[in-house]
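Since the structure comes first, as structure tokens, the remarks are kept for the end.
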Amino acid sequence: MYAIVEIAGLQYKVAKKQRVFVHRLEANEGSSVEFDKVLLIDNDGKITVGSPVIDGARVAAKVISHLKDDKVIVFKKKRRKGYQKWNNHRQFLTELVIQGILGKGETLGAEDAKIEIASIKELKAASMPKPKAKPAAEESDSDEEAEAKPAKKTAAKKPAAKKTAAKGEKKAPAKKTSKKKED
């Protein structure tokens, strides 16, 4: 089951227990919010389309956190005119967890309404990338292979020695090469 809902002027396709990042909402972290501008509901193949919205349908969500999006670089340039303008932008976002999609007259169940803070922390932890560690067996194999292969010898280039004149010696005059114009 999914729905297409308008949140903060943009349309999102949402499903139950999905995390959604929307433009900043004026709601406290941990509070529940409902959106009543539901444009479409798909209930296992049974599609209901509103004109423009479905009467009585709404989407319930819980605010997890307020955060900032990644930095976007805005660079403007007009070639050969000496004009360059550099700006950065970070959008303010609100992270939501969809608790349920409700039809006309439906209410949110006790299980759906009760999203614990621990589960929100689990959601955040699950979304964070995990560092990849090499197993100890792979490291020992690579060490054995390195010992088995002979090391390549590379010849280091030596800088050319500069000739300097000793005290009392005169430097040789520089050679002049010039082309004469022939008429």
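Using only alpha carbons, the stretch 2-127 has a radius of gyration to Kirkwood radius ratio (Rg to Rh) of 1.13.
Lys/Arg Cβ at +1, Asp/Glu Cβ at -1, dipole of the stretch 2-127 taken about the Cα centre: which of Y12, H23, L108 is farthest positive-ward? Towards the positive end, the residue furthest out is H23. Taking a point 7 Å from the Cα of A27 along the Cα-to-Cβ direction, the residues of the stretch 68-112 with backbone N closer than 19 Å to it are 68-69, 92-112. Look at where the Cα atoms of the stretch 46-110 and of the stretch 1-31 average out, and the two centres are 7 Å apart.
Evaluating 6.51 cos²θ - 1.76 cosθ + 1.60 at θ = phi - 60° for every residue in the stretch 6-21, the Karplus couplings come out as 9, 10, 6, x, 10, 9, 10, 8, 10, 9, 5, 6, 9, 8, 10, 9 Hz, glycine and proline recorded as x. N88: net charge of surrounding residues, Cβ under 14 Å, Lys/Arg +1, Asp/Glu -1, itself excluded? Neighbourhood net charge equals +3.
No lab work stands behind these numbers, since they all come straight from the coordinates. It should be emphasised that the depicted structure is a prediction, and the values quoted were computed from it without experimental measurement. Quick reminder, even Gly has a Cβ in these numbers, built from the backbone with ideal geometry, and neighbours come from all protein chains shown.
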